[in-house]
Every structure is written in C-alpha cells, then in structure tokens.
Amino acid sequence: MELAAKYESGAIEKKWYQYWLDKKYFHSVPDSREPYVNVIPPPNVTGVLHMGHMLNNTIQDVLVRRARMLGKNAVWIPGTDHASIATEARVVAKLKAEGIDKSSLTRDEFLNHAWEWKEKHGGIILDQLKKLGASCDWDRTCFTMDEIRSDSVIRVFVDLYSKGLIYRGVRMVNWDPEAKTAVSDEEVVYTEENSKLYYVKYQIEGEKSFVTIATTRPETILGDTAVCVNPNDPRFAHLKGKSVIVPMVDRVVPVIFDEYVDMEFGTGCLKITPAHDINDYEIGIRHNLPSIDIFNDNGTLSEAAGLFVGEDRFKARDLAVEELKKLEVIDKIEDYNNKVGRSERTSSVIEPKLSMQWFLKMEDLAKPAIEAVESGEVNIIPAKYKNTYRHWMENVRDWCISRQLWWGHRIPAYYLPGSNEYVVAESVEEALEAAKQKTGNSTLTISDLRQEEDVLDTWFSSWLWPVSVFDGIMNPENPDFKYYYPTNDLVTAPEILFFWVARMIIAGYEYADKKPFSNVYLTGIVRDKQRRKMSKSLGNSPDPLDLIDKYGADGVRVGMLFCSPAGGDLLYDDSLPEQGRNFANKIWNAFRLVKNWEVDANIPQPEHSKVATEWLEAKLNETINQLNQQFDTFRLSEALMTVYKLFRDDFSAWYLEIIKPEYQKPIDRLTYNQTLEFFKKLSLLISPFMPFITEELWQFLKNENDVESIVIAKWPEAGAENADILTAFEDAMQVVTNTRTVRQEKNIPQRDKLSMSIIKHGEYNDYFDSVIKKLCNLESIESIETKPDLAAGFIVKSQEYFIPIGNLINKDEEIKKLQDELKYAEGFLRSVTGKLSNEKFVNNAPPAVIEMERKKMADAESKILILKEQIESLK
C-alpha cells in the first residue's frame, strides 16, 4: 500500500465503513463471551442528523468500539421512533400541499400515505449516522411500529388493563389545538412571555357594588362558573352567601371560599373556569361546580361560549377586551410576564381542556424504579440528576396515554353496539369473544364492534425499547433476550430523563423483573458561543454532514468530545472539529515521518533511543491504566484529552524528537521496529475516538500475527508501571526546556554545540543524560564543585545546571531571572507549608500524599537556598 502525502478523510471513511459492513464486524449473535449491549435512543422518523445526535451517538460509538476491543460481544441496536405527532403533522402538511385535506380521507387511506412517507424518509437519519462511523448492528434495526414492537405494545396495554392499571375517564389534559391531541405534562415547554393582566369588575348580584378579578385570559370569562376568595381574607367576608354576575354573558355564579386562593396575588379574588384551568378544575370538583367548555378542538370558540363562536381563541381575546371596555367593566390593564405552556412538537400554546382520555396509574409502578436508582442498581451519570429523578418519581402523576391521532398504535379497546361500554383485547377476534361473554349475546359479529379511534402516546412504545428490541415481551424465553438483556449503558439527554428513561426503568422491572440498563449517561446540551441551544429555528446550528465533509468524521467526533463532560453543556465552535482535523493530520504526518526513515539493520541502537523506548513503554503503561479508569467512570472527554496529549506531547514532541536520526542518516532497526509497535498501540488507544484514520494506519502497521481490522483488535493491556523512570524523565524534560530557553534568550543557534556542568546535591540520576545531550546538542555533561564564571544557570529539583556562554552573560538579567525564580519558589513553599500545617489535611490525606507534600517542601527549601547563593555570587 502506498502512503498518501495527505490524509484524505472522505475517500478513506467511505472505503473503511463499507469494508466493516461487508465483514459484518458490527453484527452480533449470542455466544460464550460477556455481552456488551447498548440500545440507541430511537430518533424520530421525521428527523435528520443534528448536533445533539452527533454528540450522543459519538459517545455511544466510543463506548461500543472499546467494549468490542475488550473482547466483549458488543452490540449496538439501532432503530427509529414513529413519532406520532411529528409524523402526522408532516404527512398532513404534505397532503395539504398536494391539495388533499386529511378530513377527506378515511383512516386507512391516510395511513397508506403515512406509511409511504415513512418508507421514503424514515431511514434518512440512520444512513447519516453511518457517515459518523456509528458501529451499529444494522441487521437488528428496529422501528417502534414494526410487527414485533407493535404486538408488544398491544400486549402490554392489555396486560396493564387487566391488572386494573389502565382506566378511561374525563380529566383535565394538555390540549394541543394545532395537532388536535392531548399531550403529556412532559411534552409541554414553558417559556416566559410578555402578556397583559386585565382587571375586570364583576357586579355583586342585587347590589351596585363590584368585586374585581385579575386575568390574563379575558376570553375564558365566557366559561366562568364561580368567583373564589380565601376564607381567611377579611376583605371579602361580606361576600359569604352572595353571587356575582359574569360580564358579557350575565351568568349568575356563586362566590365560593377556598384556601387555594393567594391573598397577595392580583386582587385576591379569583375567577373560576373549571373547563380551562387545571387548578380551577380541582376547585370545581371540591365545590361541585359545573364546567362549560367554550373551545372546540382546534382552538376556536364553541357554541357553549355564547359569544364569538367560531373565532380563534386569540382573536376572541381581543374581541372580549373590546366588549368589556364597552361595558365599562375593565378597571385597568397592566403589562405582565408569565409562563406560557407550549407544545414541544408544534409550539402551539397549550389549552387546558376537559377531555375523555385513557390513563395509566403510575404510583405503584414507579416504586421499583425509585428503589433501583436509590440503591445504585441503576447508576445515573452525573449523580446530580439522581435527586431530580427521585423528586419527579415520588410526585409522579397518572400518565395520559391516549392521543387523538391516526398514526400510531391504535388502542385495543372495542365498544359494544350502541354503548360506551367496551372490552380490551389483543385482536378483534379475541375482542368479539370477550364482548359475547360480557353481553351474553352470542349473535354478535365483528362488524358490531367499534374500535377506539385514539392511538397510544409515542412514549408508550419507546418505554419498552430495551425489552422489545429483543422481542422480550412477546417471546421472553428467546435466546437473544436471555443473552442480551439487561443492557449496559444508555446514553441520552437529561431533558428526557423522566418521560423516557424513568419509564423504561419502570417497564424493565414490570416486564423483565430486571433493570433495563446499568448506567444512564446524560449528555449536555450543544450550545453556541452565546450559550443558546443550537436549533434550526435560531439558525445557529451547522449541518453535521457539512462538518463531516469539511473536517472529516474523525475530526468532528473529536471536536464533539473535547469539551463535553457528562451533563455539562458543549459550547460549540468550528474551532473544535478543526482541532480534531488538525489532530488527524498530525497523526498522519507523524506516521509518514517514521515510514519514510531509512532503516539500517547493521547499526547498534543508540543509548538515547534505548532509554527513550523504555520511558515511552512506561508512559504507555501509566496512560492505559489512566484511560481504563476514565472509561470506567465515564470521563470520556478526559479520556480523549489523555490520549490526545499522549500522542501530541509524549510521542510526537518528545519521543520522536529523541529517536529521530540525523539528517540523511538511517535509523537502527531495533528502534524503528519498537517505534512501529508504539504506533500500533497508540492507534489502538485512539481508535474508539477516531476509527477511520486508525483503520487506515492499521493496514500499514499490522503483521501476520495481527487481526485484519482494528475494529476487532484487542485493547492494549498495561504492563507494570515504573514511577521512577517517569519521574526521572520529567526532570530531564525540565533540563531540556531550560537549556532551550538559554539558547533562545542568548540567540545561540541549535546547531552550535554547548557543554553543561552540574553541581550535584544528594543523589543524581544520570539515566537520561544521553537524551539531554542529544536534544540540547551538548558536547559533554560534567560534574563540578563550584559555580563557573560567565555561565547561565538554572535549577531542577535540587540540582544546579550551568551552560557556559562566555561574554553573552548579562549579570543584571541573570539576577532578575533568579529573583523571579526565588519569588515563585518561596510562594510555592508557603502553599505546601500551609497544607502541611492544616490538621484536617494531615489527618485525612493518605500517607503517600503527605509524604509527597513533605518531599515537595524539602525540594523547595533546598532550591531556595541554592537560588539565594547564586544571586549572592553574581552581585
């Protein structure tokens, strides 16, 4: 294979991804190995790749690729979510553009259009994930409305109904007038908005006096059935037993007393509209008030409103204000900021609405899921979300699981002829038998039954995802489910911790009697430099595929992970993937440098190369242990930075510089072979983060004993650590850095040889002297007893180093430099002394840490003494 002068990411990524697919490296079947299982948070079939997907799926792929390298039977299950509301909205819009109104179609006709749209668009996002390098088992791709998943949803509904946990009733729900369906509490997004607060006077019946209420929604006055005050409020004690007249409709309603009313808010007098406010609804139940629903499903005013019938609710608000002004009952209008609930899917303002819906009782179901997180059986990362999870679960409300849509899993309830009574069954045939038993009418036929029109909330299918992707609901004894469940790590966003993650934990214990996963890794939110969440509507989100084209998939993956600790927001800037691309180029250029060296098998290995290879081997062992710990604790951003610095600093800036042969001279065979082995190890450590470039390198590096692809290669094992050699090399690095500073300050070219003298204090380690000689271009390193004249000096640990520079020495500059060093050393000593004087630190710190601090103190004291002597000798 010819090594290209430039790393061409596009061609290489396409080549190797297809190669991986052809070889089925991502495919898994049960075997004797330990499984490692992740399920993808299924993206909506309406979706295309965005920056959040990029971050989430990069993290998942890093975890899965490393698990595969650890020898585990790793599988990453892909799939998509049918997304009832979003998909139906897309299909309705498409039909509208074609001149077709949904209302003109039968349910089956509409669903044919929906399935056609799904088949055309539903797989786009999965194909896009392939460009990122996602190592999913594509043979196992699932869809929440495919046959197995659909059958699973229906069976679970029937099971929960039979357990008395599902019920049907009229309740206050969050109504989306645009989608014309109920949505759950978690699908309502609250935003601060500028509103108006209207103070409206209601005449007391039989009197000329008024009470004043404050409302942001004057149009709902048409549905008022009471006015409420706090029984402890002396201002309204005179209203007991009285009624007031509702403006515009002249409806006489009672004044009621309830401690819910905040005496400090507004006027302390509250209008009650039970049909259109959740708190009013609950007050209405307590006081047996009638409810008047003044809105149609599309947000226009109904016949029950009496006025402004057919007008949109916001137009009706303006008309109501005009009418109230005509009646001279508006006392005042104030600007007011309040939280407005909007549908997460359509952004339409939510309308609290009384509606017949299906509900799932959650309180008892939630208990095992609370215990799972409290006990640590399910681990949430970062841990700060554990309290948030517990608070929500301990205050969980019944789940409204019905949606007034056609696209989705149709609720398997069948109404009896001419009745609101129903039976619940997995099929219409079973429903017919149940209906015959319930009615005692053996002549009933299928055509006599009417199936519920509503579909189930999308989350009612995705809460089963870790179980249903392995057919664990319909066929719990199948080999896949018994081998792969429970899964290992779930990577998702904190905003769906409640209505997806928590519900999956509930379903896991209910239907598998086990947790669905061991760890929940919550990513942060991808934001721009102004800390705004990236979104298409703001125009601040780049197209991920454009980024991949520009920076390469490896560059983008690295860029997404550089600054994204678990639960911490990622402040995105194009400099991040650019840095990733630059790193890929650095890896490529370093490899080209090594591969282009001439090799001579007949020359011996120089001493500096010998000790450099020993040092790098020790550094690799230390780093592998560090990486393993970082992976085990999900500190993936730190792990990337660790391997990044290992390659950029330790390998490229130091090791390659030490072993590099002189210009136009060969390198010895032993060092060369060791360097290729180091490159191989480094490629393995980098490969979970940057799979494409490392696969390309692997093809050049592998030998007859290696596997054919880095995807299935073994994660490097750490040998014994050698702290002494690492410490000695750090000292040598300081000597080299200080010597280079002397050259720079005195304008001494690197090609000019220098000599070095050392006044040794205590034990001196000369192990890396050969490295110092090469990197500093020294003729000699000698030991002396007294400080030489006309020499630049520096101190490393307690050793004094001198570089003779003749008349280039400037005493004043040298004294100032030494005084600056002295000032720093004295400050450092104060810091260490303070720490060792802290009784709490000394009593609680491990002995090794205390010993290290004492050594730092001794070194600092020795250095201060030497610096003072050097300053005096120059005066």
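Per-residue 3J(HN,Hα) values for segment 173-183, derived from phi via the Karplus relation 6.51 cos²θ - 1.76 cosθ + 1.60 with θ = phi - 60°, read 10, 7, 9, 9, x, 7, 7, 6, 8, 6, 10 Hz in sequence order (x marks Gly and Pro). The accessible surface of segment 444-600, taken with every protein chain in place and a 1.4 Å probe, is 46 percent carbon and sulfur. Once C-alpha pairs closer than 8 Å and six or more residues apart are averaged by separation and normalised to the residue number of segment 503-589, the relative contact order reads 30 percent.
For K660 and K840, the FRET efficiency from 1/(1 + (r/R0)^6), where r spans their Cβ atoms and R0 equals 60 Å, is about 0.75. I'd like the carbon and sulfur percentage of the solvent accessible area for segment 56-176, probe radius 1.4 Å, heavy atoms only, ligands and nucleic acids excluded. Carbon with sulfur: 50 percent of the solvent-accessible area. A 1.4 Å probe run over the chain, with the rest of the protein chains in place, finds 45 Å² accessible per residue. If R0 is 60 Å, the Cβ-Cβ spacing of K514 and K326 corresponds to a FRET efficiency of close to 0.35.
Take every Cα pair under 8 Å whose residues are at least 6 apart in sequence, average their separation, divide by the length of segment 482-640, and the relative contact order is 20 percent. Each stretch of four or more DSSP H residues adds -39500 (n - 2.57); spread over every residue of the chain, this sum gives -13500 deg cm²/dmol at 222 nm.
Under a 5 Å amide H cut-off, with hydrogens placed 1.01 Å from N, F143 pairs with T80 among residues at least 5 apart or on other chains. Given the chain reduced to its alpha-carbon atoms as identical point scatterers, what log10 I(q)/I(0) does the Debye formula return at q = 0.05, 0.09 Å⁻¹? Evaluating at q = 0.05, 0.09 Å⁻¹ gives log10 I(q)/I(0) of -0.44, -1.03. Close amide H contacts of D331 (hydrogens built in the peptide plane, cut-off under 5 Å, sequence separation of 5 or more or a different chain): Y199, V200, K201.
Remark on V378: its backbone amide H falls under 5 Å from those of V373, a criterion applied only to residues 5 or more positions apart or on other chains, H modelled at 1.01 Å from N. Of the peptides 763-771, 191-199, the ranking by mean beta-carbon count within 10 Å, highest at the top, reads 763-771, 191-199. Measuring nothing but protein heavy atoms, the accessible surface of segment 719-835 at 1.4 Å probe radius is 47 percent carbon and sulfur. The GluC sites (Glu not before Pro) found in segment 459-510 that occupy coil by DSSP, while having at most 14 further C-beta atoms within 10 Å, are E477. Normalising the average separation of contacting C-alpha pairs (under 8 angstrom, six or more residues apart) by the number of residues puts the relative contact order of the chain at 12 percent.
The values are calculated or read from the model by the stated rules, or taken from the named source; none is laboratory data. Keep in mind that what you see is a predicted model, and the values were worked out from it rather than measured. Heads up, the Cβs are rebuilt from the backbone with ideal geometry, glycines too, and the neighbour counts pull from every protein chain shown. Heavy atoms of the whole protein, side chains included, go into the accessibility calculation; ligands, DNA and RNA do not. Shrake-Rupley method; radii C 1.70, N 1.55, O 1.52, S 1.80 Å.
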